[in-house]
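Q: Questions regarding the structure given below will be posed in turn.
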Amino acid sequence: MLEIKNLHVKIDGKEILKGINLKINAGEVHAIMGPNGSGKSTLAQVLAGRQEYEVTDGEVIYNGKNLLELSPEDRAREGVFLAFQYPVELPGVSNTNLLKTAVNEIRKYRGLEEYDAMEFLSLIKNRMKLVELEQSLLNRSVNEGFSGGEKKRNEIFQMAVLEPKLAILDETDSGLDIDALRIVANGVNKLKTKENATIVVTHYQRLLNYIVPDFVHVLYKGKIVKSGGKDLALELEEKGYDWIKDHADEITA
Amino acid sequence: MSTTELTTIEELANKEYKYGFVTDIEAESLPPGLDEETIKKLSAIKHEPEWMLEWRLKAYRHWLTMKEPHWSNVKYEPVDYQAISYYSAPKKKPKLNSLEEVDPELLKTFEKLGISLEEQKRLSGVAVDAVFDSVSVATTFKKSLSELGIIFCSMSEAIQNHPELVKKYMGSVVPYTDNFFAALNSAVFSDGSFVFIPKGVRCPMELSTYFRINAANTGQFERTLIIAEEGAYVSYLEGCTAPMRDENQLHAAVVELIALDNAQIKYSTVQNWYAGDKDGKGGIYNFVTKRGAARGVNSKISWTQVETGSAITWKYPSCILQGDNSIGEFYSVAVTNNMQQADTGTKMIHIGKNTKSTIISKGISAGRSNNSYRGQVKVIKRAENARNFSQCDSLLIGDKCGAHTFPYIDINNPTARIEHEATTSKIGEDQIFYLNQRGISTEDAINLIVNGYCKEVFKELPMEFAVEAQKLLSVSLEGSVG
């Protein structure tokens, strides 16, 4: 589904990603872990199409298409979804209105008929249950005055409505208490199918107790320095990032 | 700001005015220039009674003693009042009972604008008095309205057929001495709409007029007068589009509203005159005096405006709250893009007891434009228990535009309660990217944000107008934001 080859990315002249290679198949969950500043969020943002980042080398093939050539909205329409680390507030724009516009833009792109109000309503009613979202959040302005937990839950709710092929969760666990974490993780798990894939970007192993990854990759100084199964996350948790730093510095030395 | 954002802003700003075309109808015009002779000729063409000519001449003589004001926050080349032609009318003088008799060229123009009269008649049940250039060419639904005693006609007709009402009310809210442009309008007004709702009648449909400036070099001096007698209600819609033009066109309209006891007038405007090209060349100067007198007890006047066009907009739809318990409302969305300038707002003058006013103003600036809110809330000494709530928000798109707020508050009675809130915000790159990431294009993202921002005002518009206003906003901001 997704193949990242030798991806190099710069921002403000500084190289953040220094040759990322990663292959993700449909049905898989990949966790990307790493210490602060290792480039995890940069990777997520670049995949979603944030323009400030300059790709200096490498390529990203997504379902046979050159992802980096697509506009951010076309990537979304092709099924790439980013759950933001810091979801933005959109005063005056109701959650429902955003989602209706988004769903129909995506459907139009795929040559499907747009949903009418009734069809849309039944879709969101059904999806709300997945993340135990309160009805009142639907009519409120997107993320405005939401608590940290509500914002993250709202991201997963949007994901549930848009049904992406490739979901990228950027630090979705940060700022969540344990109950909210469980709700969010449950939602993500229920959305998992054989056809879609998920990238979970996280600093802590905690989330991975709930969303169990098939692969864990450790990002350090812009490179993937170690990959493994779900046990790698536990090992990391136990030994700390210093262990990986020593390990990585050994390799690069 | 990233370079992408800038590119998008430029792209949006570069879109051409969608309604730029000129209708090919021979116009009968007076040669440019203004003196007493011009006014006499104008009055004669319109077969006006003596008293009307006298009134025009008085206004003209007063105008000669006045100076063009320059206190607004707008800049423009001086207007040469002698270079303007003060009358232009479609040459084939139509006497119309139905749309079939309307010049087909004209109908085509309306169709291009998406405001086909047939469409309107059939679909929305709106009675339309279309003012094309300066002469009314079609008045529909007149019959069913007249059964209720409602008069809805052009100002010229009203002068002929209802002189007692015109004499009584015209100039009673905006006297010709009021200001420079009102004096000019009083001297040379070409036509406009006249509405009279008799005692106890609730007008069963939205009354609507589309103005369109067509002949080049013809200043437009519309004059509108709306009277709601005791207990009457009327909702009036005014919407405008104009063809592309290189020369600046002056538009100095006067609108007067009079609400007697328990009467209510709702006046909505969607204004989309040619704003000039992206360098500010051409475009309409829109210097308008709009004022409503809530004369009776419990009377109410509401202004709702969506201003997206004109090179320069200079207008303050105001309410004089004379009657006890009278209410004044002002809801405004003013959009400026490219080189547009707008200085707009309202005046709420509290005179009666227990009067209330609400001001909701949403300014949106994009491109290199400048958008100013200027508003006055005045409570006179004997106005017990006056209430005002004002909210003035500014939204910036890009980093080359300006937003300004000039509130004037003048309170002379200690029982008054006045609230003023103001905010300034900017459409952020983060917001756009967030929406992009949900599959929404930049243009649609901006529309979503802007429409969300204007929601409070749009909900005051009649349904069909609200839809039109939203479309207009997207057209105005096309390519403008990043």
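The values are calculated or read from the model by the stated rules, or taken from the named source; none is laboratory data. Bear in mind that the values here come from a model prediction, so they are computed numbers and not experimental data. Positions of Cβ are generated from backbone atoms using ideal geometry, with glycine treated the same way; all protein chains shown enter the neighbour counts.
Q: Kindly indicate whether B:Asp24 is modelled with pLDDT under 55, out of contact with any Gly (no Cβ under 9 Å at 6 or more places or on another chain), surrounded by fewer than 19 Cβ atoms within 10 Å (Cβ to Cβ) and not aliphatic (A, V, I, L, M).
A: Yes, satisfied.
Q: Considering only residues that are surrounded by 17 or more Cβ atoms within 10 Å (Cβ to Cβ) and either more than 18 Å from A:Met1 (Cβ to Cβ) or touching a helix residue (DSSP H, G or I) at 6+ places or on another chain (Cβ under 7 Å) (or both), which ones fall in region A:77-88?
A: Within region A:77-88, A:Arg77, A:Val80, A:Phe81, A:Leu82, A:Ala83, A:Phe84, A:Gln85, A:Pro87, A:Val88 meet the criteria.
Q: Considering only residues that are more than 26 Å from B:Asp343 (Cβ to Cβ) and either of a type outside the set (S, T, N, Q) or within 14 Å of chain A (Cβ to nearest Cβ) (or both), which ones fall in region B:388-415?
A: Residue satisfying the conditions is B:Pro414 alone.
Q: Looking at A:Gln85, A:Gln158, can you tell me which residue is at pLDDT 90 or above, within 12 Å of chain B (Cβ to nearest Cβ), within 30 Å of A:Arg182 (Cβ to Cβ) and part of a helix (DSSP H, G or I)?
A: Among A:Gln85, A:Gln158, only A:Gln158 is at pLDDT 90 or above, within 12 Å of chain B (Cβ to nearest Cβ), within 30 Å of A:Arg182 (Cβ to Cβ) and part of a helix (DSSP H, G or I).
Q: Here's another thing I want to ask about it. Any residue at all in region B:414-437 that's touching a Leu at 6+ places or on another chain (Cβ under 7 Å) and in a helix (DSSP H, G or I)?
A: yes
Q: May I pose another question? Kindly check whether there is at least one residue in region A:52-72 that is at pLDDT below 95, on the phi > 0 side of the Ramachandran plot, within 13 Å of another protein chain (Cβ to nearest Cβ) and surrounded by 15 or more Cβ atoms within 10 Å (Cβ to Cβ).
A: no
Q: When the residues of region B:417-436 are narrowed to those that are within 13 Å of chain A (Cβ to nearest Cβ) and small (Gly, Ala, Ser), which ends up nearest to B:Ser390 (Cα to Cα)?
A: Looking at the filtered set, the residue picked out is B:Ser425.
Q: Regarding B:Leu260, is this residue crowded, with 24+ Cβ neighbours inside 10 Å and over 11 Å from the mean Cα position of the chain (by Cα)?
A: For B:Leu260, the condition - crowded, with 24+ Cβ neighbours inside 10 Å and over 11 Å from the mean Cα position of the chain (by Cα) - is not met.
Q: Failed condition for B:His350, given (1) surrounded by fewer than 24 Cβ atoms within 10 Å (Cβ to Cβ); (2) farther than 22 Å from B:Arg223 by Cα, with all others met?
A: (1)
Q: Go through region A:20-51 and give me each residue that's away from chain B (no Cβ under 14 Å) and in a loop (DSSP other than H, G, I, E, B).
A: A:Asn25, A:Ala26, A:Gly27, A:Glu28, A:Gly34, A:Pro35, A:Asn36, A:Gly37, A:Ser38, A:Gly39
Q: For region A:73-82, which positions are on the phi < 0 side of the Ramachandran plot and either at the interface with chain B (Cβ under 7 Å from one of its Cβ atoms) or in contact with a Pro (Cβ under 8 Å, 6 or more places away or on another chain) (or both)? Break it down stepwise before answering.
A: Taking region A:73-82 and keeping what is on the phi < 0 side of the Ramachandran plot, we get A:73-78, A:80-82.
Matches in region A:73-82: A:Glu73, A:Ala76, A:Arg77, A:Val80, A:Phe81, A:Leu82.
Q: Could you say which residue among B:Ser361, B:Ser390 is assigned to a strand (DSSP E or B), hydroxyl-bearing (Ser, Thr, Tyr), touching a His at 6+ places or on another chain (Cβ under 9 Å) and crowded, with 19+ Cβ neighbours inside 10 Å?
A: Going through B:Ser361, B:Ser390 in turn, the sole match is B:Ser390.
Q: Next question, about the same structure. Consider only pairs whose beta carbons are under 9 Å apart and that are at least six residues apart or on different chains; among these, list those whose first residue lies in region A:55-67 and is more than 16 Å from A:Leu17 (Cβ to Cβ) and whose second residue is hydrophobic (A, V, I, L, M, F, W, C) and part of a strand (DSSP E or B).
A: A:Ile61/A:Leu2; A:Ile61/A:Ile4; A:Tyr62/A:Leu2; A:Tyr62/A:Val80; A:Tyr62/A:Leu166; A:Asn63/A:Leu2; A:Asn63/A:Leu166; A:Asn66/A:Val60
Q: Have a look at A:Ala197, A:Ala185 and point out the one that is without any contact (Cβ under 8 Å) to a residue 40 or more places away in the chain and of a type in the set (A, V, I, L, M).
A: It is A:Ala185.
Q: Would you confirm, using the coordinates I've provided, whether A:Val9 is outside any helix (DSSP H, G or I), surrounded by 18 or more Cβ atoms within 10 Å (Cβ to Cβ) and within 14 Å of another protein chain (Cβ to nearest Cβ)?
A: No: the conditions fail for A:Val9.
Q: Just checking, does region A:162-177 include any residue being within 26 Å of A:Thr193 (Cα to Cα), outside any helix (DSSP H, G or I), of a type in the set (Val, Ile, Thr) and within 12 Å of chain B (Cβ to nearest Cβ)? Break it down stepwise before answering.
A: Residues of region A:162-177 within 26 Å of A:Thr193 (Cα to Cα): A:162-174, A:176.
If we keep only those that are outside any helix (DSSP H, G or I) as well, we get A:163-174, A:176.
Cutting the leftovers down to of a type in the set (Val, Ile, Thr) gives us A:168, A:172.
Among the residues that remain, those that are also within 12 Å of chain B (Cβ to nearest Cβ) are: A:168.
Taking every residue of region A:162-177 in turn, at least one turns out to be within 26 Å of A:Thr193 (Cα to Cα), outside any helix (DSSP H, G or I), of a type in the set (Val, Ile, Thr) and within 12 Å of chain B (Cβ to nearest Cβ).
Q: Let me ask something additional. If I go through region B:221-265 residue by residue, how many of them are modelled with pLDDT of 95 or more and part of a loop (DSSP other than H, G, I, E, B)?
A: Of the residues in region B:221-265, 8 are modelled with pLDDT of 95 or more and part of a loop (DSSP other than H, G, I, E, B).
Q: For residues that are assigned to a loop (DSSP other than H, G, I, E, B) and modelled with pLDDT under 90, scanning just region A:178-209, find the one that is surrounded by the fewest Cβ atoms within 10 Å (Cβ to Cβ).
A: Here the residue is A:Tyr204.
Q: Across region A:91-123, what is the total count of residues that are part of a helix (DSSP H, G or I) and either within 14 Å of chain B (Cβ to nearest Cβ) or not hydrophobic (A, V, I, L, M, F, W, C) (or both)? Break it down into steps so the answer makes sense when it comes.
A: Step one: list which residues in region A:91-123 are part of a helix (DSSP H, G or I), which gives A:95-109, A:117-123.
With either within 14 Å of chain B (Cβ to nearest Cβ) or not hydrophobic (A, V, I, L, M, F, W, C) (or both) added as a condition, the list becomes A:95-109, A:119, A:122.
So the count comes out to 17.
Q: Mind listing just one residue for me: the one in region B:438-469 that is facing chain A (nearest Cβ under 8 Å) and not in a helix (DSSP H, G or I) and, of those, surrounded by the most Cβ atoms within 10 Å (Cβ to Cβ)?
A: B:Gly439
Q: Can A:Glu132 be described as away from chain B (no Cβ under 14 Å), free of Cβ contacts under 8 Å to residues at least 60 places away in the same chain, of a type outside the set (S, T, N, Q) and on the phi > 0 side of the Ramachandran plot? Please lay out each step first, then the result.
A: Details: away from chain B (no Cβ under 14 Å): yes; free of Cβ contacts under 8 Å to residues at least 60 places away in the same chain: yes; of a type outside the set (S, T, N, Q): yes; on the phi > 0 side of the Ramachandran plot: yes.
In short, yes.
Q: If you don't mind, another one. Any residue in region B:395-405 that is charged (D, E, K, R), within 30 Å of the chain's Cα centre (by Cα) and under 20 Å from B:Ile364 (Cα atoms)? Working first, answer last.
A: We begin by selecting, within region B:395-405, every residue charged (D, E, K, R); these are B:399-400.
If we keep only those that are within 30 Å of the chain's Cα centre (by Cα) too, we end up with B:399-400.
Keeping just the survivors that are under 20 Å from B:Ile364 (Cα atoms) gives B:399-400.
Within region B:395-405, one or more residues are charged (D, E, K, R), within 30 Å of the chain's Cα centre (by Cα) and under 20 Å from B:Ile364 (Cα atoms).
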